[in-house]
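Student: The structure's right below; bear with me while I get my questions together.
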Amino acid sequence: MHFILDESIGYWINVVAGKLKNELSRSLSKFDVTSEQWVVLNRLWEEDGVTQKDLAERTAKDQPNTGRILDKLEKKGLISRHPDGQDRRMLIVFLTHKGGELKNELIPLAVEVLNRAQRDIRDDEIKALRMILEKISRNL
(Lines give C-alpha, C1' and ligand atoms only; values in the text may rest on other atoms or scores of the structure.)
Protein backbone atom coordinates (compact mmCIF):
# COMPACT_ATOMS: atom_id res chain seq x y z
CA MET A 1 0.00 0.00 0.00
CA HIS A 2 1.21 3.48 -0.86
CA PHE A 3 0.32 6.68 1.00
CA ILE A 4 1.47 10.15 0.00
CA LEU A 5 1.10 12.50 2.93
CA ASP A 6 1.07 15.67 0.79
CA GLU A 7 -1.98 14.31 -1.06
CA SER A 8 -3.92 13.61 2.14
CA ILE A 9 -6.81 15.96 2.88
CA GLY A 10 -6.40 15.14 6.59
CA TYR A 11 -2.82 16.36 6.51
CA TRP A 12 -3.79 19.66 4.87
CA ILE A 13 -6.74 20.20 7.21
CA ASN A 14 -4.32 19.77 10.13
CA VAL A 15 -1.73 22.14 8.62
CA VAL A 16 -4.30 24.85 7.92
CA ALA A 17 -6.01 24.44 11.31
CA GLY A 18 -2.67 24.82 13.07
CA LYS A 19 -1.78 27.95 11.09
CA LEU A 20 -5.19 29.52 11.70
CA LYS A 21 -4.96 28.75 15.41
CA ASN A 22 -1.45 30.25 15.63
CA GLU A 23 -2.42 33.41 13.75
CA LEU A 24 -5.55 33.89 15.84
CA SER A 25 -3.61 33.30 19.05
CA ARG A 26 -1.02 35.86 18.01
CA SER A 27 -3.76 38.43 17.27
CA LEU A 28 -5.58 37.79 20.55
CA SER A 29 -2.49 37.69 22.77
CA LYS A 30 -2.56 41.40 23.61
CA PHE A 31 -5.95 40.76 25.24
CA ASP A 32 -4.65 37.73 27.16
CA VAL A 33 -7.10 35.42 25.36
CA THR A 34 -6.10 32.17 23.67
CA SER A 35 -7.70 30.78 20.53
CA GLU A 36 -9.33 28.06 22.68
CA GLN A 37 -10.80 30.71 24.99
CA TRP A 38 -11.91 32.75 21.98
CA VAL A 39 -14.09 29.88 20.74
CA VAL A 40 -15.86 29.62 24.11
CA LEU A 41 -16.30 33.40 24.36
CA ASN A 42 -17.67 33.48 20.83
CA ARG A 43 -20.29 30.85 21.64
CA LEU A 44 -21.29 32.83 24.74
CA TRP A 45 -21.60 36.00 22.65
CA GLU A 46 -23.99 34.02 20.44
CA GLU A 47 -25.98 32.77 23.44
CA ASP A 48 -25.22 33.69 27.03
CA GLY A 49 -26.35 31.59 29.98
CA VAL A 50 -25.74 28.03 28.79
CA THR A 51 -24.53 24.92 30.57
CA GLN A 52 -20.95 23.78 30.53
CA LYS A 53 -22.13 20.63 28.72
CA ASP A 54 -23.81 22.71 26.00
CA LEU A 55 -20.64 24.78 25.59
CA ALA A 56 -18.57 21.62 25.22
CA GLU A 57 -20.88 20.39 22.47
CA ARG A 58 -21.04 23.75 20.71
CA THR A 59 -17.26 24.13 20.71
CA ALA A 60 -16.50 20.50 19.76
CA LYS A 61 -14.45 20.03 22.94
CA ASP A 62 -14.72 17.46 25.67
CA GLN A 63 -16.18 18.53 29.02
CA PRO A 64 -12.92 18.35 31.03
CA ASN A 65 -11.13 20.59 28.50
CA THR A 66 -14.10 22.97 28.47
CA GLY A 67 -13.98 23.07 32.27
CA ARG A 68 -10.29 24.03 32.22
CA ILE A 69 -10.95 26.78 29.68
CA LEU A 70 -13.83 28.08 31.81
CA ASP A 71 -11.62 28.04 34.91
CA LYS A 72 -9.14 30.32 33.15
CA LEU A 73 -11.86 32.61 31.79
CA GLU A 74 -13.37 32.86 35.26
CA LYS A 75 -9.99 33.77 36.82
CA LYS A 76 -9.67 36.53 34.20
CA GLY A 77 -13.10 37.85 35.17
CA LEU A 78 -14.62 37.16 31.74
CA ILE A 79 -17.27 34.62 32.78
CA SER A 80 -19.10 33.48 35.87
CA ARG A 81 -20.73 30.14 36.65
CA HIS A 82 -23.88 29.72 38.70
CA PRO A 83 -25.85 26.63 39.75
CA ASP A 84 -28.94 25.93 37.67
CA GLY A 85 -32.09 26.75 39.64
CA GLN A 86 -33.71 23.45 38.62
CA ASP A 87 -30.69 21.14 38.79
CA ARG A 88 -28.00 22.41 41.16
CA ARG A 89 -25.51 19.87 39.78
CA MET A 90 -25.54 21.81 36.51
CA LEU A 91 -23.60 25.05 36.16
CA ILE A 92 -24.83 27.82 33.90
CA VAL A 93 -22.11 29.93 32.28
CA PHE A 94 -22.58 33.67 31.87
CA LEU A 95 -20.42 36.40 30.44
CA THR A 96 -19.39 39.12 32.83
CA HIS A 97 -19.61 42.73 31.71
CA LYS A 98 -15.88 42.58 30.94
CA GLY A 99 -16.34 39.39 28.89
CA GLY A 100 -19.20 40.91 26.93
CA GLU A 101 -17.23 44.07 26.17
CA LEU A 102 -14.39 42.05 24.64
CA LYS A 103 -16.64 41.11 21.72
CA ASN A 104 -16.14 44.47 20.03
CA GLU A 105 -12.36 44.16 20.41
CA LEU A 106 -11.85 40.51 19.45
CA ILE A 107 -14.25 39.90 16.58
CA PRO A 108 -12.49 42.39 14.26
CA LEU A 109 -9.18 40.62 14.99
CA ALA A 110 -10.64 37.23 14.09
CA VAL A 111 -12.23 38.65 10.93
CA GLU A 112 -8.87 40.11 9.91
CA VAL A 113 -7.16 36.72 10.33
CA LEU A 114 -9.85 35.00 8.27
CA ASN A 115 -9.71 37.68 5.58
CA ARG A 116 -5.95 37.14 5.25
CA ALA A 117 -6.41 33.37 5.14
CA GLN A 118 -9.14 33.62 2.50
CA ARG A 119 -7.37 36.16 0.29
CA ASP A 120 -7.73 35.32 -3.41
CA ILE A 121 -10.37 32.67 -2.69
CA ARG A 122 -13.84 33.30 -4.12
CA ASP A 123 -16.93 33.23 -1.89
CA ASP A 124 -18.34 30.23 -3.78
CA GLU A 125 -15.08 28.34 -3.18
CA ILE A 126 -15.26 29.12 0.56
CA LYS A 127 -18.87 27.95 0.66
CA ALA A 128 -18.01 24.72 -1.18
CA LEU A 129 -15.07 24.04 1.15
CA ARG A 130 -17.24 24.60 4.22
CA MET A 131 -19.84 22.17 2.87
CA ILE A 132 -17.18 19.55 2.16
CA LEU A 133 -15.66 19.94 5.64
CA GLU A 134 -19.11 19.61 7.21
CA LYS A 135 -19.66 16.37 5.24
CA ILE A 136 -16.30 15.01 6.38
CA SER A 137 -17.19 15.87 9.97
CA ARG A 138 -20.56 14.10 9.69
CA ASN A 139 -18.88 11.06 8.13
CA LEU A 140 -16.60 10.74 11.14
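The values are calculated or read from the model by the stated rules, or taken from the named source; none is laboratory data. Remember, predicted model here, so these are calculated numbers, not experimental data. Neighbour counts run over all protein chains shown; Cβ positions are idealised from the backbone, glycine included.
This table checks each residue for (1) without any contact (Cβ under 8 Å) to a residue 40 or more places away in the chain; (2) over 24 Å from ASN139 (Cβ atoms); (3) aliphatic (A, V, I, L, M).
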residue: ILE9; (1), (2), (3): no, no, yes
residue: ALA17; (1), (2), (3): yes, no, yes
residue: LYS61; (1), (2), (3): yes, no, no
residue: GLN86; (1), (2), (3): yes, yes, no
residue: MET90; (1), (2), (3): yes, yes, yes
residue: LEU106; (1), (2), (3): no, yes, yes
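Student: Determine if region 79-101 includes at least one residue that is in contact with a helix residue (DSSP H, G or I) (Cβ under 7 Å, 6 or more places away or on another chain), aliphatic (A, V, I, L, M) and not in a strand (DSSP E or B).
Tutor: For region 79-101, residues in contact with a helix residue (DSSP H, G or I) (Cβ under 7 Å, 6 or more places away or on another chain), aliphatic (A, V, I, L, M) and not in a strand (DSSP E or B): absent.
Student: When you scan region 20-42, how many residues do you find that are under 12 Å from the mean Cα position of the chain (by Cα), crowded, with 18+ Cβ neighbours inside 10 Å and farther than 16 Å from LYS72 by Cα?
Tutor: 1
Student: Restricting attention to region 87-103, does a residue exist that is more than 16 Å from the chain's Cα centre (by Cα), β-branched (Val, Ile, Thr), at negative phi and surrounded by fewer than 13 Cβ atoms within 10 Å (Cβ to Cβ)?
Tutor: No, region 87-103 has no match at all.
Student: Pull out all pairs, ordered by first then second residue, where Cβ-Cβ is under 7 Å, the residues are six or more apart or on different chains, the first lies in region 119-140 and is over 15 Å from ALA60 (Cβ atoms), and the second is modelled with pLDDT of 95 or more.
Tutor: From residues that are over 15 Å from ALA60 (Cβ atoms), the pairs are ILE126/GLN118.
Student: Here is a further query. For region 1-53, which positions are among the β-branched types (Val, Ile, Thr), farther than 13 Å from VAL93 by Cβ and not in a helix (DSSP H, G or I)?
Tutor: The answer is ILE4, VAL33, THR34.
Student: Return the residues of region 1-54 that are charged (D, E, K, R) and in contact with a strand residue (DSSP E or B) (Cβ under 8 Å, 6 or more places away or on another chain); say none if nothing qualifies.
Tutor: Within region 1-54, ARG43, ASP48 meet the criteria.
Student: Could I ask something else about it? Kindly provide the set of residues from region 19-51 that are in contact with an Asp or Glu (Cβ under 9 Å, 6 or more places away or on another chain), within 24 Å of SER137 (Cα to Cα) and in contact (Cβ under 8 Å) with a residue 40 or more places away in the chain, ordered by number.
Tutor: THR51, the sole residue that qualifies.
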